[in-house]
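Visitor: I'd like to ask some things about the structure below.
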Amino acid sequence: MKKIISIFMMAALVLTTGCALGGGNREGEKLLESYLENVDAYETSTRELGEPASYIYMDDRIAVAILYPETGIGQLDTEITAWTEAVAEEYKGMVKEATIQGEPLKTEDGETVENRAELTVSYESYYAGEQKVGVKLTGTFLSPALAHPVDLIKTFNADVQSGEIISIEDVLTEDGKSALVHMLTVQTGVAEADLDQHVFDYGVLTDSGIEIVLNRGDYLPMSEGTKTAFFAYKDIRNLLVDSFDDTRERPEPPEDESVETSAPLEARAIDPDKPMVALTFDDGPGAHTDRLLDVFEKHGGKGTFFVLGNLIEGREETLQRTAAEGHEVAGHSWNHRQLTNLTEEEVKDQIMMTRAKIYDVTGKDSLVVRAPYGACDEMVQGVGKKLGVSFYNWSIDTLDWLTRDPAAIEKEIMDNVSDGDIILCHDLHETTVDAMESVIPKLIQKGYQLVTVSELMSYSDEKVQAGGLYTQQ
Ligand code: ZN
């Protein structure tokens with residue numbers, strides 16, 4: 001009985017602490033309202049095709065986050081994976097070359113650069129009718145050694161039935177090709193004489209037309225930047241081959257996903273005198289998240305899920321289930337940008353857009369944030385303070401993203417775990433969920449209570465401060 005009372009007192013304390021954050025928190029809540037008003041507009045990228053997958057890598061010199069689709073279409077998946085790996089290697093190599101024998105990256109003036117370089121790529125994917133598909137990957141490379149960011153683009157088009165890669169020319173008639181080139185010069189201002197056979201290289205078949213990207217400096221002066229031309233299928237019907245049919249049975253739009261406000265969760269019986277650890281999972285929600293929830297359901301315990309805002313659409317049910325089963329849903333930025341490379345305004349957007357999306361889908365507000373790559377500095381923490389959120393890194397890094405080996409993940413955890421640890425894992429990897437099938441029961445058997453990050457903090461002597469950065473308790 002005594003125990004239960006202490007749990008309720010703790011809960012009351014957490015609530016009071018929350019209010020006591022004062023101006024910062026109120027500002028955060030006011031902002032949340034305005035971000036919520038626009039929450040539907042955040043979804044800029046169309047992802048009609050494929051499951052989002054990601055390539056995430058980090059070392060001292062570079063942070064890489066490439067989001068790409070797994071489409072199930074033979075050659076398309078092979079090509080996309082090959083491109084992803086090639087781009088990651090190219091930029092990793094580029095950064096390595098910029099360093100001398102493992103010394104830190106330096107600017108042209110010879111000053112040591114403290115920040116890592118960063119490569120971030122995201123994608124759009126489309127059905128162009130029932131038979132053809134298009135994928136466009138766009139990204140940015142930032143390096144402290146470069147004056148300007150570098151833009152990246154890559155497009156793929158494929159035939160659904162054969163699984164083969166096709167080009168834009170494949171859907172155009174002979175006359176159609178030259179007519180489209182002419183229309184391109186009109187739309188972009190490029191002289192026809194300056195064009196060559198590569199002009200369609202960065203073209204993508206979308207759901208409603210052909211999009212052609214002319215990269216900065218390719219056909220136009222650098223100062224004009226990158227230009228995008230768009231031709232709706234309905235306007236260029238006579239240029240398309242007969243076999244190309246852009247009509248498609250469209251699925252009924254999903255019903256409005258209004259959140260059923262679930263009854264407040266019953267207070268869990270957590271014994272403050274017994275050891276506890278927080279298992280945390282970054283970069284989801286993903287294809288394996290539900291299986292991880294099943295593992296928790298089977299053995300008990302709760303986890304913390306640091307989700308990316310731009311991965312939530314399409315996985316609303318997984319997120320709702322995560323929250324409804326008592327796990328903590330927390331923010332990990334909108335699209336995995338390294339926050340220390342951004343302006344204060346951009347950091348605010350990254351945090352608040354994700355917070356609003358989580359609130360919109362689960363009905364719960366979260367003031368818990370993990371910065372991508374764990375990269376936090378005074379500026380980022382200052383923004384967090386204003387918004388009323390705090391940051392959580394980790395005390396055990398399972399390196400699950402690197403090893404992809406359940407046995408290695410389990411060893412890393414079981415060899416190092418102690419009371420109060422925050423353990424870093426990534427639920428987007430199948431091998432991590434495999435590892436959890438044995439790690440979760442083993443931790444419980446060893447006497448650890450598996451708690452969320454907020455639960456861990458509420459049983460700690462340390463008071464959570466807005467803008468604070470925590471790694472263990
Ligand atoms: Zn991450």
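Visitor: For region 372-387, which positions are in a helix (DSSP H, G or I), away from the ligand (no atom under 16 Å from the Cβ) and open to solvent by 20 Å² or more (accessible area, probe 1.4 Å)? Outline the logic, then answer.
Guide: Taking region 372-387 as the starting set, the residues that turn out to be in a helix (DSSP H, G or I) are 372-374, 378-387.
In the following step, the residues that additionally are away from the ligand (no atom under 16 Å from the Cβ) were identified as 378-379, 381-387.
Listed by number, the residues that qualify are 378, 379, 381, 382, 385, 386.
Visitor: Next question, about the same structure. Taking the stated definitions as given, is residue 175 closer than 30 Å to residue 336 by Cα, surrounded by fewer than 16 Cβ atoms within 10 Å (Cβ to Cβ) and touching a residue at least 60 places away in the same chain (Cβ under 8 Å)?
Guide: Values: closer than 30 Å to residue 336 by Cα: no; surrounded by fewer than 16 Cβ atoms within 10 Å (Cβ to Cβ): yes; touching a residue at least 60 places away in the same chain (Cβ under 8 Å): yes.
For residue 175, the condition - closer than 30 Å to residue 336 by Cα, surrounded by fewer than 16 Cβ atoms within 10 Å (Cβ to Cβ) and touching a residue at least 60 places away in the same chain (Cβ under 8 Å) - is not met.
Visitor: With the structure loaded, tell me whether residue 355 is modelled with pLDDT under 95, among the basic types (Lys, Arg) and farther than 29 Å from residue 444 by Cα or whether it fails that test. Steps first, please.
Guide: Values: modelled with pLDDT under 95: no; among the basic types (Lys, Arg): yes; farther than 29 Å from residue 444 by Cα: yes.
Answer is no for this residue.
Visitor: If I filter region 54-89 down to residues being under 13 Å from the mean Cα position of the chain (by Cα) and away from the ligand (no atom under 14 Å from the Cβ), which single residue comes out as least open to solvent (accessible area, probe 1.4 Å)?
Guide: 69
Results for (1) of a type in the set (A, V, I, L, M, F, W, C); (2) within 16 Å of the ligand (Cβ to nearest atom); (3) touching a residue at least 12 places away in the same chain (Cβ under 8 Å); (4) more than 25 Å from residue 463 (Cβ to Cβ), shown as yes or no for each residue.
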{"site": "311", "(1), (2), (3), (4)": "yes, yes, yes, yes"}
{"site": "321", "(1), (2), (3), (4)": "no, no, yes, yes"}
{"site": "324", "(1), (2), (3), (4)": "yes, no, yes, yes"}
{"site": "342", "(1), (2), (3), (4)": "yes, yes, no, yes"}
{"site": "354", "(1), (2), (3), (4)": "no, yes, yes, no"}
{"site": "358", "(1), (2), (3), (4)": "yes, yes, yes, no"}
{"site": "361", "(1), (2), (3), (4)": "yes, no, yes, yes"}
{"site": "389", "(1), (2), (3), (4)": "yes, no, yes, no"}
{"site": "400", "(1), (2), (3), (4)": "no, yes, yes, yes"}
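Visitor: Sticking with this one: Could you list all residues from region 350-371 that are among the polar types (S, T, N, Q) and open to solvent by less than 10 Å² (accessible area, probe 1.4 Å)? Step through it out loud before you land on a result.
Guide: To start, the set of residues in region 350-371 that are among the polar types (S, T, N, Q) comprises 350, 354, 362, 366.
354 - this is the single residue of region 350-371 that is among the polar types (S, T, N, Q) and open to solvent by less than 10 Å² (accessible area, probe 1.4 Å).
Visitor: OK, next. Is there a residue in region 431-451 that is open to solvent by less than 60 Å² (accessible area, probe 1.4 Å), part of a loop (DSSP other than H, G, I, E, B), modelled with pLDDT under 95 and β-branched (Val, Ile, Thr)?
Guide: Among the residues of region 431-451, not one is open to solvent by less than 60 Å² (accessible area, probe 1.4 Å), part of a loop (DSSP other than H, G, I, E, B), modelled with pLDDT under 95 and β-branched (Val, Ile, Thr), which makes the answer no.
Visitor: Name the single residue, out of those in region 177-216 being of a type in the set (Val, Ile, Thr) and part of a strand (DSSP E or B), that is farthest from residue 134 (Cα to Cα). Reasoning before the result, please.
Guide: Step one: of region 177-216, the residues of a type in the set (Val, Ile, Thr) are 181, 185-186, 188, 190, 199, 204, 206, 210, 212-213.
Now drop any that are not part of a strand (DSSP E or B), which leaves 204, 210, 212-213.
On the way: 204: 5, 210: 10, 212: 12, 213: 13 Å.
That would be 213.
Visitor: On to the next question. Within the group 274, 234, which residue is within 25 Å of residue 302 (Cα to Cα), more than 32 Å from the chain's Cα centre (by Cα), of a type outside the set (A, V, I, L, M, F, W, C) and at pLDDT 85 or above?
Guide: Details: 234 fails: within 25 Å of residue 302 (Cα to Cα).
That would be 274, the only listed residue that is within 25 Å of residue 302 (Cα to Cα), more than 32 Å from the chain's Cα centre (by Cα), of a type outside the set (A, V, I, L, M, F, W, C) and at pLDDT 85 or above.
Visitor: Counting only residues that are part of a helix (DSSP H, G or I) and crowded, with 18+ Cβ neighbours inside 10 Å, which one in region 388-407 is farthest from the chain's Cα centre (by Cα)?
Guide: Narrowing region 388-407 to residues part of a helix (DSSP H, G or I): 400-403, 406-407.
Right, trim to crowded, with 18+ Cβ neighbours inside 10 Å and you get 400-401, 406.
Values: 400: 17, 401: 15, 406: 23 Å.
Among those residues, the one meeting the criterion is 406.
Visitor: Continuing with the same structure: Out of region 452-473, which residues are buried (at least 20 other Cβ atoms within 10 Å of the Cβ) and either within 16 Å of the ligand (Cβ to nearest atom) or without any contact (Cβ under 8 Å) to a residue 12 or more places away in the chain (or both)?
Guide: Matches in region 452-473: 453 only.
Visitor: When region 309-330 is examined, which residues are found to be closer than 17 Å to residue 390 by Cα and open to solvent by 10 Å² or more (accessible area, probe 1.4 Å)?
Guide: Once the filter is applied, which keeps residues that are closer than 17 Å to residue 390 by Cα and open to solvent by 10 Å² or more (accessible area, probe 1.4 Å), region 309-330 yields 328, 329.
Visitor: Follow-up. Among the numbered conditions (1) free of Cβ contacts under 8 Å to residues at least 60 places away in the same chain; (2) surrounded by 15 or more Cβ atoms within 10 Å (Cβ to Cβ); (3) part of a loop (DSSP other than H, G, I, E, B), tell me where residue 141 comes up short.
Guide: (3)
The values are calculated or read from the model by the stated rules, or taken from the named source; none is laboratory data. Predicted model only: the values in this text are computed from it and were never measured. Ideal geometry is used to build each Cβ from the backbone, glycine not excepted, and the neighbour counts take in all protein chains shown. Keep in mind that these areas ignore ligands, DNA and RNA; they rest on the heavy atoms of the full protein, side chains included. Shrake-Rupley method; radii C 1.70, N 1.55, O 1.52, S 1.80 Å.
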